[in-house]
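Structure record follows, encoded as C-alpha cells.
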Amino acid sequence: MGMSGDGGGGGGEKPPLGLDERTRQNMRIAEKIGSECFEQNTQILRGLAWRGLRAFFVFGGGVAAFAYAMRRQRSRKEAVDASGDPTQRYLEEMRGLGFDVDTVEEELEVSRRSGESA
C-alpha cells in the first residue's frame, strides 16, 4: 500500500526491515545475477547429461560387439573341437592368435600328398 513500489508489506514510507534503497537495489542485482548463473549452470548440466547419455550408448554398443565376437569365437572353437583333428585344432588356435596359417595349411597338404605318393 506504500507508494515506493517495493511490493513489501510496510504500510508506510519506511522500507521493510529497515533496508534503505541502495540495499534493496543490491538485493535485486544479486537476485538477477543468481538467476543468470542458475540458467548457465542448467545449460552446462544439460550438456553433460547429453554427453553421458551418448557415452552410455557407445558403451552399450561396444559391449554388444564384444559379446557377438565372443559368441562367434566360441562357436568356431566348438566346431573345431567337434572335428577332433588335432592339426586343425592347432591351426584354428593359430588363426585366433592372428597368424597366417593358410600357407602353413597348403604346405601341410603338399607334404601329406608327397608322403602318400612315396
Using the Cα centre as the reference, give the magnitude of the dipole from point charges on the C-beta atoms of segment 16-65 (Lys, Arg: +1; Asp, Glu: -1; all else neutral), rounded to the nearest 20 debye. 200 debye
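Work out the FRET efficiency for Ile29 and Ala49 from their Cβ-Cβ distance, taking R0 = 35 Å, and round it to the nearest 0.05. It would help to have the intermediate numbers written out before the result.
Values: r = 30 Å, r/R0 = 0.87.
After rounding, the FRET efficiency stands at 0.70.
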Hey, rough spin-label estimate for Asp100 and Ala64, points 7 angstrom out along Cα→Cβ, what's it come to in nanometres? 3.6 nm
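Using a/c under 1.5 as the rounded threshold, could you call segment 16-65 rounded, prolate or oblate? The axes a ≥ b ≥ c are square roots of the C-alpha gyration tensor eigenvalues, and prolate needs a/b larger than b/c, oblate otherwise.
On the way: a/c = 12.02, a/b = 6.46, b/c = 1.86.
Prolate shape, in that a/c is at least 1.5 and a/b is the bigger ratio.
Taken together, the values in this text are just the output of simple stated rules run on the coordinates, not laboratory data. Note that the coordinates shown come from a computational prediction; the quantities given were computed from them, not determined experimentally. Note that each Cβ is placed from the backbone with ideal geometry, even for glycine, and that neighbours are counted across all protein chains shown.
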